Amino acid sequence: MEQLGTSPKVLHALAQDIKQYGRALGFSQIGITGVDLRSAEAPLLAWLAAGHHGNMDYMQRHGLKRARPAELLPGTLRVITARMDYLPRAAPENWREGEWRRLAQPEAATVSVYARGRDYHKVLRRRLQQLADHIAAQVDPGVVRVFTDSAPVLEVELAARAGLGWRGKHTLLLQRDSGSMFFLGEIFVGLPLPVDAPTSAHCGTCRKCIDICPTQAIIKPGELDARRCISYLTIEHGGPIPLELRPLIGNRIYGCDDCQLICPWNRHARRSPLPDFDVRQGLDQALLLDLWRWNKAEFEQHTEGSAIRRIGFERWRRNLAVALGNGLRQTRDAAWRAAVIQALGEALVQASPLLQEHLRWALTQAESNPAE
């Protein structure tokens, strides 16, 4: 095994080998960048100072470590960023149109596309670790550590600097040939590998993602107020959902894809070759009332191996209650409304205070749309 101090020729060959092996593991693209993110520090501090991180306290707690990889893991010289497409293998050609139709159906439950298959943390971490082990088997990497949303890492910033794409106006990474329907993961290493050149941005004057956001959470190009984001509200936020935002959530019960669905670049979104991201539990066709009928044990069973499980049963029911309330306000289907009102009313008795409040709100929505 070669030690640190490896020649530039060997490091160049190793970088190419890392990219080739990464593709064999199912990654769509691998890029390498340095650790100097000083230009990202001021925007990060301003975003935190404005409170746009909501109650994600870990972002404030870690502060500038997010922009300083060498402080997060001393000895880090390079960051290897891997991109993995997640659109299900069976997604139809017109998958975006299908998603828009679903959002317009009050009785349907909409789960973000990325969360319909296996928990991506597990898929990425296992394969990133295989890639890290592959590197360590050839050369002493000094330090090496895998990250998949497991530490304060500015992953979009790192990926953009590594040439994997550019930061879109919705804050997600965009790639000309793949859109934004992919996951990112990182490997920190203590090797002076050759770095890749960043790519230029290609959003132009387009602002479709900003205009389509149901809650107007994208306050300006490249800046998101998480406190208004439906993904944040349905996943990260554990308390009551603000009253003024509940009607805007529609039938979205876990995450929101609107800014990605409207993005012209996602006409190029690629299907994953991995079965891990195939739809589980029929979540692309699920109905709100069917999901509401799950008890806690069934929730645990049906979300085993899924990212959804992390929000817990109470938050899951809170989200469903809001979606059902929106359905009561939007549809005049008498039989469906009666079933929803009965189901929500029966749940009131044993519900927690948090859930009770959302149930009562949901039931009041029927009053603004009396059945004919």
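The values are calculated or read from the model by the stated rules, or taken from the named source; none is laboratory data. Everything numeric in this text was worked out from a predicted model, so none of it was measured. Neighbour counts are summed over all protein chains in view; Cβ atoms, including those assigned to glycine, are modelled from backbone coordinates with ideal geometry.
For the criterion of being within 30 Å of Arg207 (Cβ to Cβ) and outside the structural domain of Ile32 (by TED's automatic domain parsing), Thr171 fails. Taken across the range 308-328, residues that are over 28 Å from Thr215 (Cβ atoms) and more than 19 Å from the chain's Cα centre (by Cα) do not occur at all. As a summary of the residue check, Gly26 satisfies the conditions (1) assigned to a loop (DSSP other than H, G, I, E, B); (2) within 30 Å of Leu289 (Cα to Cα); (3) touching a helix residue (DSSP H, G or I) at 6+ places or on another chain (Cβ under 9 Å); (4) in contact (Cβ under 8 Å) with a residue 40 or more places away in the chain except for the one numbered (2). Of everything in the range 228-258, what is part of a loop (DSSP other than H, G, I, E, B) and under 19 Å from Glu357 (Cβ atoms)? Give them in sequence order. The answer is His237, Gly238, Gly239, Pro240, Ile241, Pro242. Hey, any hits in the range 315-336 for a residue that's in contact with a Lys or Arg (Cβ under 8 Å, 6 or more places away or on another chain), surrounded by fewer than 19 Cβ atoms within 10 Å (Cβ to Cβ) and in a helix (DSSP H, G or I)? No; the residues of the range 315-336 include none that is in contact with a Lys or Arg (Cβ under 8 Å, 6 or more places away or on another chain), surrounded by fewer than 19 Cβ atoms within 10 Å (Cβ to Cβ) and in a helix (DSSP H, G or I). Filtering Asp278, Asp284, Asp290, Asp257 for residues that are out of contact with any Ser or Thr (no Cβ under 6 Å at 6 or more places or on another chain) and closer than 29 Å to Arg207 by Cβ leaves a single hit, Asp284. Counting only residues that are among the aliphatic types (A, V, I, L, M) and more than 15 Å from the chain's Cα centre (by Cα), the range 248-272 holds 4 of them. All of Gly345, Gly305 fail the test of being surrounded by fewer than 18 Cβ atoms within 10 Å (Cβ to Cβ), part of a loop (DSSP other than H, G, I, E, B), at pLDDT 95 or above and not assigned by TED's automatic domain parsing to the domain that holds Ser178, apart from Gly305.
Ile80 falls short on exactly one of the conditions (1) within 29 Å of Ile249 (Cβ to Cβ); (2) hydrophobic (A, V, I, L, M, F, W, C); (3) more than 13 Å from the chain's Cα centre (by Cα), and that condition is (1).
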